[in-house]
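Below is one structure, written out as structure tokens; the observations come after it.
The values are calculated or read from the model by the stated rules, or taken from the named source; none is laboratory data. Worth saying up front: this structure is predicted, and the values here are computed from it rather than measured. Backbone-built Cβ (ideal geometry, glycine too); neighbour counts: all protein chains shown.
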Amino acid sequence: MSAALSFTAVEHQRRGKGFWATFLPPFLWMAGFYLVPLAVLLSLAFQKHEYVHIIQEFTWENFATALSPAYRPALIRTLYVASAVTLVDMVIALPAAYFLAFHAGRWKTLLTVLILLPLWSSYLVRVFAWRIILGKAGILNWVLIKAGILDAPSPMFVYNLFSMGLTLCYIWLPFMILPLVTAFERLPRNLLEASSDLGADGFATFRRVTLPLVMPGLLAGSLSVFSLTSGDYLTPALIGGPGDSLVGNIIAGQFGVASNYPLGSAISALVLAVLFVLMAILAKKRVLESF
Amino acid sequence: MRQSRTTKWILGFYTLGVFLFMHIPLAVIVLFSFSDKRVLALPIRGWTLDWYRQMLEDERLYTGLFNSLKVASTATLLATFLGTLGAFAVMRWKFFGRNVFRSAVVIPILLPGIVTGVAMLSFFGTAGIPLGLATVIIGHATFGFPVVFNMVNARLARLPRSLEEASADLGATPAQTFRRVIFPSIRSAIIAGALLAFTLSFDEIVVTIFLTGKDNTLPMEIYSRLRFGMTPEINAAVTAILTASAVLVLLSTWFSRKA
């Protein structure tokens, strides 16, 4: 092990046993258990499917089916639901993360733990909690009736795009707040003081100094939330309406009941393509390093 | 930073609202775990600990919990080992494709779980590897790895090189330098990464659905019951887990502050 961990300046240039001992295990794991599976998935996308058999014959058919009117609406819905959820979480998270980093004082540790707390319960149960809140016999209806706003319980709060969007915003919010808190904490305070000494008001300082400096964190959080939302299929299944399925539901269906791996792979490949384009854009802004 | 008191108060109230939004669903879960009705609706007329008794007698919940702990701890160990090594490799040596490697490493946490799940499912199917807890562990370790990698990598990047050089100049062997200089300064990053990897694995369901065989993890067990609706017993189980992890983390924060 000691060879792997030699840290003299010379070694930085000269790769020896140490390099291979530290580099190979993670590299082989990633290649074998991640890149190869992705390659298998992509190759399936170009194979023919008849009944339950996969025929090894090159075809674009699966992509044509994936983009056909049967599946296109779900793809488009996923794009705009994921974008909307990302935007809403950004608006929710920015001020809260700012407050946490600058004004929380001795409460900061506790509040940071509180952001993580939901992650230790259960994703499924938290989604279900919204059904208890928004359902027809739910807490919201009970409160509205007690307050005299509603006469009878209304089913309008659940099993639709609204309840799905709200729950998605809720579920993935910690993944927006956490990188933002880190970004605000790393902000050099003296720059903010300099800006204010030079006569900038609070808003100008925020827009021209703070925001550009936390941008990598903000974009990192956004990429996470966008990606997590666009791959979520249990939330739409548990709390969305019957017509609100996202692309994840379709992929899960093709790898489950429908057992059409090639079509499922082609749709996954489309999701991958969108995310890779986003990543390539963000990689230029050095966002990938701020996760 | 001279901000007016008003701005501070507005920000404070806004943050309070955000925290309420984040915790009201948890409060709902905890609340209904003590309600003596089976129906999860207000008003709650009586209180009971019955659901906790039922939970403690539920064999299948134990099996799920045990499997989840097994998966999460094994996957976390693997992820911590791989992530720490990878972070060292990237930080210490210049090699062809280093930047590509560094960006590619984070892909498993950036791509949605469902893609990871179906890709691995296709791969294991093609390779003829039977599904089970072992394949779930492989899946979880793969997305835990970048979590640890990022934490350790960020910490190493801020570690001044001069510390190691000083240690070497003073006659320490590389092993001694690692043990007494490097490791103490990255220890908390490794622990933080491992904790996060464990957290994500313990509650993971999307990848697990595709990669598990007959064995259920706790989230899978909850999922199979949710099809028939939520039961107060599940609320009790989730409340118990929540309390246990909150106590553990608060204790560890308290201890690390004392240390």
In segment B:47-59, how many residues are without any contact (Cβ under 8 Å) to a residue 12 or more places away in the chain and closer than 17 Å to residue A:122 by Cα?
0
Here the residues within segment B:220-243 that are of a type outside the set (D, E, K, R), at pLDDT 85 or above and surrounded by fewer than 22 Cβ atoms within 10 Å (Cβ to Cβ) are B:220, B:223, B:224, B:240, B:241, B:242, B:243
So which residues in segment B:155-190 are closer than 18 Å to residue B:81 by Cβ and surrounded by 18 or more Cβ atoms within 10 Å (Cβ to Cβ), if there are any at all?
B:155, B:156, B:178, B:182, B:186, B:189, B:190
Test residue A:97 against the stated conditions and say whether it is crowded, with 21+ Cβ neighbours inside 10 Å, more than 30 Å from residue A:263 (Cα to Cα), more than 8 Å from chain B (Cβ to nearest Cβ) and in contact with a helix residue (DSSP H, G or I) (Cβ under 7 Å, 6 or more places away or on another chain).
yes
The correct count of residues that are loosely packed, with under 11 Cβ neighbours inside 10 Å and either within 18 Å of residue B:8 (Cβ to Cβ) or touching a strand residue (DSSP E or B) at 6+ places or on another chain (Cβ under 7 Å) (or both) in segment A:184-200 is 1
The condition of being at pLDDT below 90, out of contact with any Cys (no Cβ under 8 Å at 6 or more places or on another chain), surrounded by 13 or more Cβ atoms within 10 Å (Cβ to Cβ) and β-branched (Val, Ile, Thr) holds, among B:6, B:15, B:48, only for B:48
Given (1) more than 13 Å from chain A (Cβ to nearest Cβ); (2) in contact with a strand residue (DSSP E or B) (Cβ under 8 Å, 6 or more places away or on another chain), where does residue B:44 come up short, assuming only one miss?
(1)
Give B:98, B:92 a once-over and let me know the one that is more than 7 Å from chain A (Cβ to nearest Cβ), among the basic types (Lys, Arg) and surrounded by fewer than 24 Cβ atoms within 10 Å (Cβ to Cβ).
B:98
Which pairs have Cβ atoms under 6 Å, sit 6 or more apart or on different chains, and link a residue in segment A:54-68 that is touching a residue at least 24 places away in the same chain (Cβ under 8 Å) to one that is of a type outside the set (Lys, Arg) and not in a helix (DSSP H, G or I)?
A:54/A:47
Among the residues of segment B:89-108, is any more than 29 Å from residue A:235 (Cα to Cα), touching a residue at least 12 places away in the same chain (Cβ under 8 Å), under 23 Å from the mean Cα position of the chain (by Cα) and in a helix (DSSP H, G or I)?
yes
Quick check on residue A:259: is it more than 19 Å from the chain's Cα centre (by Cα), surrounded by fewer than 24 Cβ atoms within 10 Å (Cβ to Cβ), under 30 Å from residue A:55 (Cα atoms) and within 12 Å of another protein chain (Cβ to nearest Cβ)?
yes
Of the conditions (1) under 19 Å from residue B:118 (Cα atoms); (2) of a type outside the set (S, T, N, Q); (3) surrounded by 15 or more Cβ atoms within 10 Å (Cβ to Cβ), residue A:31 fails just one. Which one is it?
(3)
Looking only at segment A:124-145, and only at residues there that are in a helix (DSSP H, G or I) and more than 7 Å from every other protein chain (Cβ to nearest Cβ), the one that is nearest to residue B:224 (Cα to Cα):
A:127
Within the group A:271, A:225, which residue is more than 10 Å from chain B (Cβ to nearest Cβ) and surrounded by 20 or more Cβ atoms within 10 Å (Cβ to Cβ)?
A:225
Residue that is among the small types (Gly, Ala, Ser), within 21 Å of residue B:158 (Cα to Cα) and away from chain B (no Cβ under 11 Å), where the choices are A:204, A:266, A:183:
A:183
So, residue A:54, is that one within 11 Å of chain B (Cβ to nearest Cβ), in a helix (DSSP H, G or I) and either at pLDDT below 90 or more than 19 Å from the chain's Cα centre (by Cα) (or both) or not?
no
Residue that is farthest from residue A:200 (Cα to Cα) [pool: residues in segment B:20-45 that are among the aromatic types (Phe, Trp, Tyr) and surrounded by 16 or more Cβ atoms within 10 Å (Cβ to Cβ)]:
B:34
So the check is Cβ under 6 Å with 6+ separation or different chains; which pairs have a first residue in segment A:17-29 that's over 22 Å from residue B:138 (Cα atoms) and facing another protein chain (nearest Cβ under 7 Å) and a second one that's at pLDDT below 90 and crowded, with 16+ Cβ neighbours inside 10 Å?
A:19/B:93
Can you find a residue in segment B:60-73 that is surrounded by 24 or more Cβ atoms within 10 Å (Cβ to Cβ), within 30 Å of residue B:153 (Cβ to Cβ) and free of Cβ contacts under 8 Å to residues at least 24 places away in the same chain?
no
Being charged (D, E, K, R) and farther than 30 Å from residue A:176 by Cβ is the filter; apply it to segment B:1-46 and report the residue that is farthest from the chain's Cα centre (by Cα).
B:45
Here are some conditions: (1) in a helix (DSSP H, G or I); (2) more than 22 Å from residue A:127 (Cβ to Cβ); (3) of a type outside the set (Lys, Arg). Residue B:43 meets all but one. Which one does it not meet?
(1)
